[in-house]
Amino acid sequence: MEKIKLELYTDYLICNNGFATATGLSAMMEGDISHDQMTRFLASKAFTSKDLWGQVKATVRQIEREDGCLIFDDTIQEKTWTDENEIMCWHYDHCKGRSVKGINLLNALYYSGEVSIPVAFEVVRKPYQFSDVKTRKVKRASEFTKNELMREMIATSVANAIKFRYVLTDSWFASKENFEFILKKDKHFISALKDNRWVALTEDDKKEGRFVRISQLELADQQAVRGWMKGFPHEVLFVRRVFTNKDGSIGLLNLVCSDLACNGEQAATIYQKRWKVEEFHKSLKSNAGLAKSPTRTVTTQNNPVFMSIYAVFKLECLKIKHKANHFALRTKLFIKANQIAYEELQKLLAA
């Protein structure tokens, strides 16, 4: 990887407020680097999690702790008008309740000591095409599921000797295969569960097959009870979170925790850290130009995703240094840019 061009392009993403193009970067640098040089750099090879780890490893080593958390979640960057290919295709968006066209990105975010660092990512690929029997429409399929990708990313994080105790996920990744995999890696999980998951609170009920839906348990906020999930052999902790929504309605969130040494309050507090991945995704889209690169090929669409992730990592390092969040840092840059533009305008008016 050409380190100078990597740093230059990711700095450009942080400073830029419009479409991120090689031509725009060249203009910013007043031609010191040509747009052809940057275009060749972005098309040279597909950057992967291995490249990301090479850039963030030193910082992870400085902030990692044994009680760190590895947080997983995916996000979809919608790009309706871009031509379809194996990564720019249709994905089901749970927030919108329908399929949207764009890039589906799965991230592993390491959180320790109030610092969030991306340590792995996978762009979901759907290389296989088939005809749907019912609709007769051509659809795409992945070689690997997001659950399989997550397990591979956990294995890589363990192999990279990252210190962490908990894996945090939402209900999408709450499968027994994932839970068993995490335990085999000597880690613990805390995950949200869907309301229809079957649970038993006593070993006798488990043996006799007397399971009830977790939503039927009468638990107070942050109350925890031990029990078993149907089909999962290990005893776990069930925790209920109770929220009051803006409209006054009551919302419930059911959690499962494999660490029996935790109480309900501790499990709920640890799971609250999962929100950091939502903040990460927001910064990717708002502060690092995730959707602002008008590219057409698989490689040149993959690489701006990598660049955006690395740009957010750089913002996180600046946050540590200057005690300001990503949005405050970007606002400071834009105010300075507007001041310079205003001064230049006054010169033009006075000429």
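Per-structure values
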{"item": "Probe 1.4 Å - accessible area at HIS281, Å² to nearest ten", "result": "10 Å²"}
{"item": "Trypsin sites (Lys or Arg not before Pro) restricted to segment 19-85 and DSSP loop, no more than 13 other C-beta within 10 Å", "result": "LYS45, ARG65"}
{"item": "Debye log10 I(q)/I(0) for segment 239-285, one point scatterer per Cα, at q = 0.20 Å⁻¹", "result": "-0.80"}
{"item": "Mean residue ellipticity (222 nm) of the chain, computed from DSSP H runs ≥ 4 via -39,500 (n - 2.57), nearest 500", "result": "-13000 deg cm²/dmol"}
{"item": "Segment 159-284, Rg to Rh (Cα coordinates; Rh as Kirkwood inverse mean 1/r)", "result": "0.98"}
{"item": "Inter-probe distance in nm under a simple model that places probes 7 Å from Cα toward Cβ, at SER99 and ASP36", "result": "4.2 nm"}
{"item": "Helix runs (DSSP H) in the chain reaching 27 Å along axis by Cα, Kyte-Doolittle at least -1.0", "result": "298-322, 326-350"}
{"item": "Stretch in the chain that is longest and holds no chymotrypsin sites (Phe, Trp or Tyr not before Pro) that DSSP places in a loop and that have at most 13 other beta carbons within 10 Å", "result": "145-351"}
{"item": "Largest-first ellipsoid semi-axes for segment 7-101, taking √(5λ) over the Cα gyration tensor eigenvalues, angstrom", "result": "28, 25, 13"}
{"item": "Centroid-to-centroid separation of segment 118-178 and segment 48-94 [C-alpha atoms, Å]", "result": "11 Å"}
{"item": "Heavy-atom accessible surface of segment 137-251: percent carbon and sulfur, 1.4 Å", "result": "46 percent"}
{"item": "Over segment 105-155, relative contact order from alpha-carbon pairs under 8 Å, at least 6 apart, %", "result": "29 percent"}
{"item": "Taking the chain and dividing mean pair separation by its residue count, relative contact order in percent (alpha carbons under 8 Å, at least six apart)", "result": "18 percent"}
{"item": "Candidates LYS314, LYS323, LYS146: whichever shows maximal mean-square fluctuation once the chain is modelled as a Gaussian network with Cα springs under 10 Å", "result": "LYS323"}
{"item": "Segment 217-351 - percent relative contact order, Cα under 8 Å, separation 6 or more", "result": "14 percent"}
{"item": "Distance in nm between pseudo-label sites at CYS15 and ALA159 (7 Å out along the Cβ direction from Cα)", "result": "3.8 nm"}
{"item": "For segment 98-160, accessible area per residue (1.4 Å probe, heavy atoms of protein chains only), Å²", "result": "49 Å²"}
{"item": "Relative compactness, segment 225-351, computed as alpha-carbon Rg over 2.2 N^0.38 Å", "result": "1.66"}
{"item": "Dipole of segment 244-351, positive direction: furthest Cα of TYR342, GLY248, TYR310, with charges on the beta-carbon", "result": "TYR342"}
{"item": "Full-extension gain in nm, THR80 to GLN346, via 0.36 nm per residue minus C-alpha separation", "result": "91.7 nm"}
{"item": "Unit charges on C-beta of K, R, D, E only; dipole of the chain, Debye", "result": "380 debye"}
{"item": "Full-stretch length increase - LYS57, ALA141 - with 0.36 nm per residue and alpha-carbon distance subtracted", "result": "26.9 nm"}
{"item": "Cα-based Rg and Dmax for the chain, where Dmax is the largest Cα-Cα distance (Å)", "result": "23.0, 89"}
{"item": "Euclidean distance between Cα centres, segment 206-272 to segment 285-343, Å", "result": "38 Å"}
{"item": "Point-charge dipole on Cβ atoms (K/R +1, D/E -1) for segment 225-351, about Cα centre, debye to 20", "result": "220 debye"}
{"item": "Stretchable slack from ALA328 to ARG213, in nm (0.36 nm times residue separation minus alpha-carbon distance)", "result": "37.0 nm"}
{"item": "Global form of segment 42-86, assessed from the alpha-carbon gyration tensor, a/c cut-off 1.5", "result": "oblate"}
{"item": "Quotient of C-alpha Rg and 2.2 N^0.38 Å, computed over segment 49-199", "result": "1.15"}
{"item": "Largest-first ordering by accessible area, 1.4 Å probe, given options ASP170, ASP247", "result": "ASP247, ASP170"}
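The values are calculated or read from the model by the stated rules, or taken from the named source; none is laboratory data. None of the values given here were measured: they were computed from a predicted structure. Please note: Cβ atoms are built from the backbone with ideal geometry, for glycine as well, and neighbour counts cover all protein chains shown. Surface areas here come from the heavy atoms of the whole protein model, side chains and all, with no ligands, DNA or RNA. Shrake-Rupley method; radii C 1.70, N 1.55, O 1.52, S 1.80 Å.
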